[in-house]
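Have a look at the structure below, then the notes.
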Amino acid sequence: MTHDAQRPDPDDLLAHVQAEEQRQTRGKLKVFLGYAAGVGKTYAMLEAAHQRREEGIDVVGGLR
């Protein structure tokens, strides 16, 4: 008696693991919005960047 109906497909498991690994290696974008000048957007952005750097995460900033 076999229980093949309960056993997951190895190809599906591999695809799931590969998708999870790819998701973890993708970058993330964080946008700081504020209604007016002087509300602390730049300070909050730099604080978050410093915290990520201390955690060993590469940080890239951009200005437009």
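Every number here is computed from the coordinates shown, using simple stated rules; none is lab data. All values reported here derive from a predicted model rather than from experimental measurement. We place every Cβ from the backbone using ideal geometry, glycine too, and count neighbours over all the protein chains shown.
Taking segment 10-46 as the region of interest, how many residues are charged (D, E, K, R), assigned to a helix (DSSP H, G or I) and under 18 Å from the mean Cα position of the chain (by Cα)? Steps first, please.
Our first condition is that a residue be charged (D, E, K, R); within segment 10-46, this holds for 11-12, 20-21, 23, 26, 28, 30, 41.
Those left that are additionally assigned to a helix (DSSP H, G or I): 11-12, 20-21, 23, 41.
Right, trim to under 18 Å from the mean Cα position of the chain (by Cα) and you get 20-21, 23.
Residues in segment 10-46 being charged (D, E, K, R), assigned to a helix (DSSP H, G or I) and under 18 Å from the mean Cα position of the chain (by Cα): 3 in total.
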Are there any pairs with C-beta distances below 7 angstrom linking a residue in segment 51-64 that is surrounded by 10 or more Cβ atoms within 10 Å (Cβ to Cβ) to a residue that is part of a loop (DSSP other than H, G, I, E, B), with the two at least 6 apart or on different chains, and if so which?
-> 52/59; 53/59
